Every structure is written in C-alpha cells, then in structure tokens.
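As structure tokens, the structure follows; a few thoughts come after it.
The values are calculated or read from the model by the stated rules, or taken from the named source; none is laboratory data. This one's a predicted model, so the numbers in the text were calculated from it and none came from an experiment. Note: ideal-geometry Cβ built from the backbone for every residue, glycine included; neighbour counts use all protein chains shown.
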Amino acid sequence: GGRLTAARALLCALLLCAATCAEAHRTTPADPKADGISIPSLTHGQMAVIADNLSAIRALADAQFPTDPAMRRLQGYVNLQAFACFWGLAPRSLTDETSPFNECAHAYLAAARALLLHLKAMPGDRRAVDALVAKIEVEMLAHNSALTLCRYSDEAFNTGEILWPHWRDIPRHAPTALTFAAILLALGASGAALVRLAVATRPPRRRDAPGPLMSRRRAPSSAASPISRPRLPPPPVAR
C-alpha cells in the first residue's frame, strides 16, 4: 500500500517534470544574437575527440589569467549547456544521432572547441594551449573525424541559446528509455526502503498504557473526595 503509493507519486512527479520541459526544447531570449557569441558547428566525428579532451580544455580555461568577457561567456556556456545535457551521461548521446541528447551534446562540445580556439588567441604563455590544440588535431586526423557527419553537423550554436534534450523522443530511443526506466525503478525502490526503515525503527507502543483520550475520560475512583460523597447526620443519642 505505502510503497505503491510512494512509487506512483514519484513517477507522476518525474513525468510531470519531463512533460513541462518538453514544451520548451530551446531556452532562448528575445534576441539571442544581440549579445550572444556565435559558435561554429562541429561534425559528428569531432565530438568524440573533443569529449575526450574536455577536462583538459576546462583546466586550461580555469588556469587562464587574465580573462576577457568572451572567454568567460564561452566558459559559462560550456558549463551550463553540459548541465542541460546531463553532462553527456545519457547512453549513446555522442555516437548516435537519433539519441534525444545528441543535439545538446553537439552544442556544449562545439562551445568547448570554440573556447579552446579563443584561449589560443589570448595573450600570455600559450605553450600548454598550443600543445593541446596540436594533440586534438592529430587525433581528429587519425580518426577521420571531419568526414563523419550527422544531421546536426552543420548546425551553428549561440551562447544566448540553451538547448535541452528532445524529451518526447526518449520513449522511441531504446537505450535512453531503458536507462530512465532503471532510474525510476531505483528511485522507487529507495523510497520504499526508506519507508520500511522508518516503520521498523518506530518505537513500539505499550498496550497497557492508556492513550491521552482514555486518560482524560477515566472513571472516578472509589476513593472519592468528601464533596462527591454526602455526609449522613449522626444517630440520635438515647436518654
């Protein structure tokens, strides 16, 4: 009873959240290009190489001094767009163009490459940046990444526009649907376990101890007060 109700409530809350997010695939201001930075497209093959070097790109950006507004804008967009795309943790989000998470993965990885190229053009010691750029170029040539295209390979992005996953396509993508189903089951099992733990650790109630309502309604004892028991007159004395 309690476990089923908790699981149903959790499932309804998650479905309601997904339905709400599905109404807006893109979070866009009134004019995203008015103050946003345009980000060139990224081919499907280049995504895997950039993903493998994403932590190194972020480390270089964190160590960069001084910074400028464009760098901070690109760095913030990489972090925010990666969060909106579940940090690329969805199954096949980088390799399968039919994945509901593929387009948003294109966005934050394209922004990461744009951030790296912007770091290369900034003043200061560029040896670490140049070494990473050369490493990425060699890896892309080795994997022929520029030749691997998909339907999002020619899509440009903008820092004024956040892309969210295609929530409505999750049921049609088996790996993602199975992953979300497993997460729901795990959350439901965890909730049920917490309910069982709360019931098991509840202190037992003594059966001989009257409740508060019974204690207030207890009948008067035989040792009543003098006011509640009338006093009889003394017997007459014989003369």
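Looking only at the range 132-166, which residues are of a type in the set (D, E, K, R) and assigned to a loop (DSSP other than H, G, I, E, B)? Spell out how you get there, then give the answer.
First pass over the range 132-166, keeping only residues of a type in the set (D, E, K, R): 135, 137, 139, 151, 154-155, 161.
R151, D154, E155, E161, listed by residue number.
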Selection from the range 101-127 of residues in contact with an Asp or Glu (Cβ under 9 Å, 6 or more places away or on another chain) and buried (at least 23 other Cβ atoms within 10 Å of the Cβ) yields N102, H106, A107, A110
When (1) touching a residue at least 24 places away in the same chain (Cβ under 8 Å); (2) over 17 Å from A56 (Cβ atoms) are applied to A128, the one that fails is (2)
Can you run down the residue pairs with Cβ atoms below 6 Å, 6 or more apart or on separate chains, where the first is in the range 55-81 and surrounded by fewer than 19 Cβ atoms within 10 Å (Cβ to Cβ) and the partner is not in a helix (DSSP H, G or I)?
R73/I37; R73/T159
Which condition number in (1) part of a loop (DSSP other than H, G, I, E, B); (2) loosely packed, with under 14 Cβ neighbours inside 10 Å; (3) among the basic types (K, R) is the one that R92 fails?
(2)
Kindly check whether there is at least one residue in the range 114-126 that is closer than 24 Å to I162 by Cβ, in contact with a strand residue (DSSP E or B) (Cβ under 6 Å, 6 or more places away or on another chain) and modelled with pLDDT of 90 or more.
yes
